[in-house]
Amino acid sequence: MLSKGFLYSGGESARPLELRAGPLSLLFEPHTAFLRRIRLGDHEVVRAVYAAVRDQNWATITPKVSLRRQEIASDSFQLEFEALCQRGAIDYFWKGVITGEKTGRIRFSFDGLARSDFLRNRIGICILHPITECSGLSAAVEHVDGTVEQGNFPRSISPHQPFFDIRALSYEVATTGITARLEMEGDTFEMEDQRNWTDASFKTYCTPLALPLPHPVKTGDEVHQSVALTLLGQVRPILPVNVGRTPQLSITTTAALPLPPLGLCVASHGQPLSASEQARLRALKLSHLRVDLRLDDATWPTRLEQAATEAAALGAGLHAGLILCEHTDSVLPALAEHVQRLKPNVQLWIVLHVSENPTSEQTVQRVRAKLQACAPNGLFASGTADFFTELNRVRPQPGASSFLCYSNNPQVHAFDNVTLVENLAGQVHNVESARQFTARPVVVSPITLRIRNNLQAHSEKAGSLRELPSDVDPRQLSLFGAGWTLASLARLAGTGFVQSLTYFETTGWRGIMETHAGSPLPAEFPSEPGAVFPVYHVFADVAEFGARQVYSTQSTHPLEADGLTLVNGAGQRRILVANLTPDLQELKVKTGSCRALVRYLDETTAELATRQPDEFRAARGQSAESVSAKLELRLLPYALARIDIE
């Protein structure tokens, strides 16, 4: 059986330090050196302050942090630490000092030293501003030359940087009459709208992107930077209403929203589904499987045939991602012939092009002319294999006939559990911003925990790998991964503007169950051969209930707990709930007066759920009755609950 660390969230993680600086509360993570969630009462003033070393490919070098000194009082603190960033040719060392005063002033300093020659795109401090509090908010930007610009944080996602040449930034904290002022030293800063990459923040960062990159770093080069947060106005403590209280879910039943069709990707390891794997996947009643076909690769007919066979065995349709290049139009007639012969149920053609990002309408129309006849019911989508930002920067022509498609993952800039939960909100902002330039609901495909390496099959036999591929995340087999997926589905379905959702893969360490061969690296990804992952049961709970609609479900603490409410044709409700934290949660769900059956997926049931999923699914759950129109749940760390209202 998995260790608790892997079962909870794919590995061990350290607890943050809870700190105060006068009226401000905040967290410090000793293992990442992140300052997080600087709050005035319930109001988030700054989402995070941290320092990053990013190489010439924008890869972030994970620091090894050593906390050297800490002095923590009830209303102030001082922390000193060292960070070592090493990977390949990169050897970089920096010292950090963070102080918090009882006046509410917080200062973060960075003193770095290069111990090798290398190329970098960024070294230094980044500041994240929360989207809930800051979207549309007015701000005063003081430039390096001393001039002051009055502007606003973007409400819809800005395709380009909102502010440049920043020395200081000021904005009001909610309606408190208190102003937060951030002053940066040591470099020129600018801001980007990170929602383009599904991050739930605006980021003020150093080294303007207009400068030539990558920049050479020489041994002995030093960097000295700092950022200071000061509160201005009638500074005073503000008592929180939500922070520190029990999370509560509320369900809006006045309008039902459609549950988007759900699918998975064909496994990139290339091995066909076994009979038992087919049986387990059939139980999920998937709308579709997605297969990606590089038409300049001679193996595409084999991949298409295998995908068509697997989709037919599961009773699912096919989403075919076509990756074109300058010379592949000539292959389209052969593709049409294969489709005519195989007769797969092609629901959607996703047209991508290696030299067009996103794909142009002209390319889509060219492909449509060749393929429409062989799959007359197939719809067409264009877009990108990358992020929403590609669509936002090159928006579709008016009257474009295809759906827009983009991929989604929560780990473009940071990789910890807290960031992954925060960035769930970014998925909603992607969809809502897309409404501004397309009348058609969006195709979000695929949704993965990490950025995909490529669109080809992987050779990952036991003994051939020494480390996990960069697109494999141990959280795939964890309770956290299941809860994150549930919250993602709930948030995206709640927009009412999604044509379809495609998650993960069918099998393997990018999938929802392990193959019978097992993990190629069992020490780093300790899955059991033939076991299902907890995320499997999220899709099974949705499919089993047979719902086609959802009710909007709101959490008072969306960074701690989330839920999805399904409703079937008979008006019955099934509520799925996830604890998104490593802490025990006493959670309430506003159901109205009712009786219910509650089944938990947690550390006490995970062994049964993963090894004997059919037996686990046969359990009806525990009887529960609402108190004052609320069901009370006791959720263990990263636990999920299924509630069937009787």
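Each value in this text was obtained by applying a stated rule to the coordinates, not by laboratory testing. Everything numeric here is computed off the predicted structure, so don't read it as measured data. Backbone-built Cβ (ideal geometry, glycine too); neighbour counts: all protein chains shown.
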Burial-style ranking of 322-334, 498-510, average other-beta-carbon count within 10 Å with highest first, yields 498-510, 322-334
Out of Pro212, Leu521, Cys126, whose Cα points farthest toward the positive end of the dipole of the chain (charges: +1 Lys, Arg; -1 Asp, Glu; placed on Cβ)?
Leu521
Here, region 256-536 modelled as identical Cα point scatterers in vacuum has Debye log10 I(q)/I(0) at q = 0.15 Å⁻¹ of -1.18
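Working out 0.36 nm times the residue gap between Glu337 and Leu584, then minus their Cα-Cα distance, what length gain in nm do you get to one decimal? If you can, show how the numbers build up before the last one.
Numbers: separation 247, 0.36 × 247 = 88.92 nm, distance 5.67 nm.
Here the segment from Glu337 to Leu584 would lengthen by 83.2 nm.
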Under 30 Å Cα-Cα from Lys370, which lysines qualify once same-chain neighbours fewer than 8 residues away are excluded?
Lys343
Computed E for Lys64/Glu625 - FRET, C-beta separation, R0 56 angstrom, nearest 0.05:
0.65
Just grab the label-to-label distance for Arg87 and Ala14, each label 7 Å out from Cα along the Cβ direction, in nm (one decimal).
1.9 nm
What ranking, highest mean first, results for peptides 536-542, 489-495 when packing means the other Cβ atoms within 10 Å averaged over each residue?
536-542, 489-495
Run the simple label-point estimate for Arg595 and Ala210 please: 7 Å along Cα→C-beta, distance reported in nm.
7.0 nm
Taking +1 at the Cβ of each Lys and Arg and -1 at the Cβ of each Asp and Glu, which of Thr610, Val598, Asn568 sits farthest along the dipole of region 550-645 towards its positive end, judged by Cα position relative to the Cα centre?
Asn568
Which stretch or stretches of region 392-417 have amide N atoms under 18 Å from the point lying 7 Å from Ser3's Cα along the Cα→Cβ direction?
417
Straight-line reach from Lys218: which aspartates and glutamates have a Cα under 19 Å away, not including same-chain ones fewer than 8 places off?
Asp55, Asp91, Asp111, Asp117, Asp187
For the chain, the helices passing both cut-offs (Cα extent along own axis of 20 Å or more, Kyte-Doolittle mean at least 0.0, full DSSP H runs) are 479-493
Where Lys and Arg each count +1 and Asp and Glu each count -1, what net charge lies around Gly22 among other residues with Cβ under 9 Å from its Cβ?
+1
Which labelled figure in [x] 0.97; [y] 1.06; [z] 1.26 is Cα Rg over 2.2 N^0.38 Å, once derived from the coordinates:
[x]
Just to confirm a number: summing +1 for Lys and Arg and -1 for Asp and Glu over residues other than Gly546 whose beta-carbon lies under 12 angstrom from that of Gly546, what do you get?
+1
Just want the answer: with Cβ charges of +1 for Lys and Arg and -1 for Asp and Glu, which residue in Thr253, Met191, Gln225 is farthest toward the dipole's positive end in region 156-299?
Thr253
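Suppose R0 equals 25 Å. What FRET efficiency, 1/(1 + (r/R0)^6) with r the Cβ-Cβ distance, do Ser276 and Asn377 give to the nearest 0.05?
0.20
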Spin-label model distance (nm) - Thr604 vs Asp145, 7 Å beyond Cα toward Cβ:
6.7 nm
Show me the ranking of peptides 360-366, 308-314 by mean Cβ neighbours inside 10 Å, starting with the highest.
308-314, 360-366
Answer in debye to the nearest 20: the dipole magnitude of region 550-645 about its Cα centre, from +1 Lys/Arg and -1 Asp/Glu charges placed on Cβ, is 440 debye
Relative to the Cα centre, what is the charge dipole magnitude of the chain, using +1 at the beta carbon of each Lys and Arg, -1 at the beta carbon of each Asp and Glu, and rounding to the nearest 20 debye?
1320 debye
Among the listed pairs Lys285/Lys590; Lys95/Lys588; Lys102/Lys588; Lys102/Lys590; Lys64/Lys102, which have their C-alpha atoms separated by more than 32 angstrom in this model?
Lys95/Lys588; Lys102/Lys588; Lys102/Lys590
Suppose every K and R has +1 on its Cβ and every D and E has -1 on its Cβ; what is the size of the dipole of region 440-568 about the Cα centre, in Debye to the nearest 20?
420 debye
